[in-house]
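> Before I ask anything, here is the structure I am working with.
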Amino acid sequence: MLQETPLRSVAAGVPGEGKRPHGARPWFFISDLHLSEAIPHTVAAFEHFIRVTAEEADSVFILGDLFEYWIGDDMLGEPFVARMAALLHTLSERGIALYIMHGNRDFLLGKRFMKAAGAIWLPDPFVITAFGMRITLAHGDALCTADRAYLRFRRFARLRLAQMLFLAWPFRWRQALAQRMRSASQEGRSRPVSPKYDATPEGIAALFRDSGTMTIVHGHTHRPARHREPGGTRWVLPDWDLDHGEHRGGYLRVDAEGLRALPLD
Ligand code: MN
């Protein structure tokens, strides 16, 4: 898992520089928003989070699956997507750093999107030092090591050549393929039922060992929790869904006091 992207470390407070004082300002973590036009209440909650909640943050980290699907940066031509990129761009304009990691659904988010959103792309996994605490960030799909077929697809789909060939297809072909893959996907909007789609003890232990950190933050499984593992503490971010049944969502906040899970306001 770690061979494909060697872990790197960044020191606290890289961007956002100059415009605002650092120090006490917290860092926020979210993931699995699965944004699309089909979920307007979730989109509205996200807009509120970026415009209002994030105002006190030094940095915002989106740990994958910001979008329900991503078939290439030419999606920026769609008004909804352009609106989301412009919304995210207000963060850097306000002196708040934005970091985005790929998820299993939006791993094709590319340089053009990152620029439009004013975001810095983070490899998965990635180690940060926040308030003196080393934290490993990951989307979480690579921890689900019982799903061998998915891991094989993941390795293939992250190959540069495979991505280049796919991105060379006409937009409509890519759209049709994404549609088919989504309807065939077992993940869907509901929680994955099988333990096959959860992080495994082996996957978790390997990430603690390889990263040398005592704290992992990830999303993907839609099972928000704080787990005490043999290797340390594992925080699982909630998915967001305010359009189906009971409202789901929330974020993690880290500051000098440590990590805290908070609901949406
Ligand atoms: Mn995911």
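> Considering the chain as a Gaussian network with a 10 Å cut-off on Cα pairs, which listed residue, Ala178, Ala199, Ala97, attains the greatest mean-square fluctuation?
Looking only at Ala178, Ala199, Ala97, the largest GNM fluctuation is found for Ala178.
> Just to confirm the filter: which GluC sites (Glu not before Pro) across the stretch 147-249 are DSSP coil and have at most 14 other Cβ within 10 angstrom of their Cβ?
Working: sites: Glu187, Glu202, Glu246; in loops: Glu187, Glu246.
When the GluC sites (Glu not before Pro) of the stretch 147-249 are filtered for loop state and at most 14 Cβ neighbours within 10 Å, Glu246 remain.
> In the Gaussian network model of the chain, springs joining C-alpha atoms below 10 Å, which of Arg253, Arg234, Arg172 carries the largest mean-square fluctuation?
Result for the chain, Cα springs under 10 Å: Arg172 fluctuates most.
> Can you give the charge dipole size of the chain about its Cα centre, rounded to the nearest 20 debye, using +1 on the beta carbon of Lys and Arg and -1 on the beta carbon of Asp and Glu? Spell out each step's value before the answer.
Details: 33 positive and 30 negative charges, 138 e Å.
Dipole of the chain, to the nearest 20 debye: 660 debye.
> Any idea how far the Cα center of the stretch 51-83 sits from the one of the stretch 104-133, in Å?
Taking the Cα centre of the stretch 104-133 as reference, the centre of the stretch 51-83 is 11 Å away.
> Can you tell me the length gained on complete extension of the stretch Ala44 to Phe156, counting 0.36 nm per residue apart and subtracting the Cα distance?
On the way: separation 112, 0.36 × 112 = 40.32 nm, distance 3.48 nm.
Residue separation times 0.36 nm, minus the Cα-Cα distance, leaves 36.8 nm.
> On to the next question. Farthest toward the dipole's positive end in the chain, which of His34, Ala225, Ala162, given Cβ charges of +1 (Lys, Arg) and -1 (Asp, Glu) about the Cα centre?
Among His34, Ala225, Ala162, the one farthest towards the positive end of the dipole of the chain is Ala162.
> From the square roots a ≥ b ≥ c of the eigenvalues of the alpha-carbon gyration tensor of the stretch 217-265, which class results: rounded (a/c under 1.5), prolate (a/b over b/c), or oblate?
Working: a/c = 3.25, a/b = 1.52, b/c = 2.14.
In terms of gyration-tensor shape, oblate.
> State log₁₀ I(q)/I(0) for the stretch 20-74 at q = 0.14, 0.15, 0.27, 0.30 Å⁻¹ as given by the Debye formula over alpha-carbon point scatterers of equal weight, solvent excluded.
Taking Cα atoms of the stretch 20-74 as identical point scatterers yields -0.45, -0.51, -1.11, -1.21.
> Pick from His218, His34, His247 the residue whose mean-square fluctuation is largest in a GNM of the chain, springs joining Cα atoms under 10 Å.
His247
> Right, another one. Quickly work out the Arg228-to-Trp169 label distance, labels modelled 7 Å from Cα along the C-beta direction, and quote it in nm with one decimal.
According to this spin-label approximation, the distance is 4.8 nm.
> Can you give the extra length, in nm with one decimal, that the chain gains between Glu56 and Lys115 once fully stretched, where that is 0.36 nm per residue apart less the Cα-Cα distance? Present the calculation step by step, with values, prior to reporting the outcome.
Values: separation 59, 0.36 × 59 = 21.24 nm, distance 2.29 nm.
Length gained, Glu56 through Lys115: 19.0 nm.
> How much mean residue ellipticity at 222 nm does the chain get from its helices, if each DSSP H run of length 4 or more adds -39500 (n - 2.57) and you divide by all residues, to the nearest 500 deg cm²/dmol?
On the way: 7 runs with 77 residues, N = 265.
Helix contribution divided over all residues of the chain: -9000 deg cm²/dmol.
> Cα atoms only: what Rg and Dmax, in Å, come out for the stretch 134-265?
17.0, 50
> Ratio of alpha-carbon Rg to the 2.2 N^0.38 Å globular estimate for the chain, to two decimals, please. Intermediate results must be reported in sequence, preceding the final value.
Working: Rg = 17.5 Å, N = 265, 2.2 N^0.38 = 18.3 Å.
Here the Cα radius of gyration is 0.95 times the empirical estimate.
> Report the percentage of all Cα-Cα pairs in the stretch 85-137 whose separation exceeds 19 Å, rounded to a whole percent.
Details: 485 of 1378 pairs.
Distances greater than 19 Å cover 35 percent of the Cα pairs.
> May I pose another question? Can you give me the long-range amide H partners of Gly110? Hydrogens built in the peptide plane at 1.01 Å from N, cutoff under 5 Å, separation of 5 or more residues or another chain.
Here the answer is Asp73, since their amide H atoms fall under 5 Å of that of Gly110.
> Antiparallel versus total DSSP beta bridges in the chain: what percent is that, nearest 5?
On the way: 19 of 41 bridges.
Of all bridge pairs located within the chain, approximately 45 percent are antiparallel.
> Assuming 0.36 nm per residue, please report the length gained on full extension of the stretch Ser194 to His247 beyond their Cα-Cα distance.
Numbers: separation 53, 0.36 × 53 = 19.08 nm, distance 2.23 nm.
Contour length minus Cα-Cα distance gives 16.8 nm.
Each reported figure results from applying straightforward, stated rules to the coordinates on display, with no laboratory input. Computed from a prediction, not measured in an experiment: that's the story for all the values here. Quick reminder, even Gly has a Cβ in these numbers, built from the backbone with ideal geometry, and neighbours come from all protein chains shown.
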